[in-house]
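The values are calculated or read from the model by the stated rules, or taken from the named source; none is laboratory data. Just so we're clear, the structure is a prediction, and the values are computed from it rather than from any experiment. For neighbour counting, all protein chains shown are included, and Cβ atoms are generated from backbone atoms with ideal geometry for every residue, glycine included.
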Amino acid sequence: MSEAGSHGRDTLGLATRVKAIAVADPVLDLERRKSLLASREWTGYQMEELALTAIDTVTLKMDFEDGARHEDIVAAMARVAGLQMPQRNRDAHTAVARWVLDSLLNVGTVDRDFSHDYGIVLHGSYTTQTFSFKLLREVPGPDGRPRLRASNEAIAVLVGAADLDIASEQVAADAKLEALVRRGRLTDAHRAAEMGLRRTVQYTEHVRSRLEGMRRDIRSVDWVRDVQSMQTEALEHIKDRINAENTIKDNLVRMMENSTEDTTPAQAAELIAILEECLRRHAPLQAKLQEVGERFRAEQERQSFVPPPSRSNVALERQLLIPSLQLSVRQAYPLLNTFATAATPPHRPGILYLPDLITGLMTPPNESDGDDGLVIEPEFGEAPDDSVFTDEQYKAVATLLQHADGTRLSDLLDTARRHGVSTGRDNLDHLLALHLLGLFGAPRHDPEHGTVLAALADDRELEDDRFAGHDLLVVHGPPADTRTTDNSLREGAA
């Protein structure tokens, strides 16, 4: 219900438009974020077009039961990226495509939701609400591997509207398509047909999500109010859509037969292919809706009417442990393996993501409120503090760095190894490498002489048997000169 503000504004209408803008914001934000990636040079790629390509491809490839594969979506975006930047290689196109896909999935966040705050007026007071949504989401596929599905909000980005009645929009899309075909404007009709196809996919996803709620918890839905009314309305809607699309298809066939222009049959054939895809998607949805009653009763039996299992618990010590200890390992292993397999219920493995794994590993465990007395505090003895490096080695490294200005790490390592062999210690190069890593992250300032000792990277690979990475350049000079050299090297690397 619309709430009016103090000046007669339709605040609910404002909220709807704010949510429509919020849905498009993650797509538009990709262009701004690409400039923040200092390690990548992606100027020239149009990130919004790649994002819409990903959403469009997922929308057209997913069906009622399954979603789209990651590699298919990345390949589709890489093809578009190749058209945008033909001078770049395929690896660059694939890297851009994977980054866009991870951004649309919001990888790196806990719940992977995008959120935006908006306000509504309730009972005369302004209240702030949070609108949470997903564009693409990952679900387990039939083979246990992750699949991609596009949300209603993502499809709304494609068709240019959000928070609207999907069935009414689909009716309007078919009516627009029929009018354009009747007037012979096949070029405009092609775009309308594509929008109608996306509305078909969006309506299928809308019905599937409602049926998924019934499968999760039968108590959350009412048969007469929720399920039966939705089934009747959806079946009637699909019937009308099938009739309307068949009528448009027949008109296109007659247009192809009677046209004298060369381009008309080709354009009409493309429109017929899109309409056939719509009809193909209506068929399984109609079959699923006709099975709703049977599925509802089956879920009732599974969730409500199945009695608890009447079986006695296994006495692990008396029935398992003691008999197993009386057997040899070769005899006991098959029996224990069979018991573990039967006692562990089957489960579908979860989709593991490296950012989520790192977040879980870095989360500190909950502190226990009580002490059961089983934790024994270990007693540690005094261990000698043996230094890995000697004072002579520290002095040798300081001497090497004191005279190093414009010298590379590879040359310093060779000098350190020759000096280490003469002193009988072969790890002087390790100490030198550690010092240079410290100088790379935090240059050392000498206030007495007013100089700075720093290690800079200029994208030259280190050729060494023990170490890998950049061949750092040691610079010893005034602070201003060091910063200038750093900036010039970074600009040269970019």
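Summary of computed values
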| item | result |
| --- | --- |
| Qualifying residue in the range 381-391 (condition: over 28 Å from Ala433 (Cβ atoms), surrounded by fewer than 10 Cβ atoms within 10 Å (Cβ to Cβ) and at pLDDT 70 or above) | yes |
| Leading residue by the ranking (modelled with the lowest pLDDT) among those in the range 177-226 that are small (Gly, Ala, Ser) and under 28 Å from Thr57 (Cα atoms) | Gly213 |
| Any hit, the range 249-257, residues being at pLDDT below 80, in contact with an Asp or Glu (Cβ under 8 Å, 6 or more places away or on another chain) and over 15 Å from Arg191 (Cα atoms) | yes |
| Meets criteria (part of a loop (DSSP other than H, G, I, E, B), within 43 Å of the chain's Cα centre (by Cα) and either modelled with pLDDT of 75 or more or assigned by TED's automatic domain parsing to the domain that holds Arg40 (or both)) for Asp429 | no |
| Residue within the range 281-294 that is closer than 24 Å to Asp188 by Cα and at pLDDT 75 or above present | yes |
| Matching residues, the range 105-127, being of a type in the set (Phe, Trp, Tyr) and over 24 Å from the mean Cα position of the chain (by Cα) | Tyr118, Tyr126 |
| Condition met for Ala150 (assigned by TED's automatic domain parsing to the domain that holds Thr247, within 25 Å of Lys288 (Cα to Cα) and modelled with pLDDT of 75 or more) | no |
| Residues of the range 228-243 that turn out to be crowded, with 20+ Cβ neighbours inside 10 Å and of a type in the set (A, V, I, L, M), as a count | 2 |
| Glu491 vs. criteria loosely packed, with under 12 Cβ neighbours inside 10 Å and at pLDDT 65 or above | no |
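Residues are listed down the side, and each one gets a yes or a no for (1) over 16 Å from the mean Cα position of the chain (by Cα); (2) buried (at least 19 other Cβ atoms within 10 Å of the Cβ); (3) in a loop (DSSP other than H, G, I, E, B); (4) modelled with pLDDT of 90 or more:
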site	(1), (2), (3), (4)
Thr59	no, yes, no, no
Ile73	no, yes, no, yes
Leu83	yes, no, no, yes
Ser103	no, yes, no, no
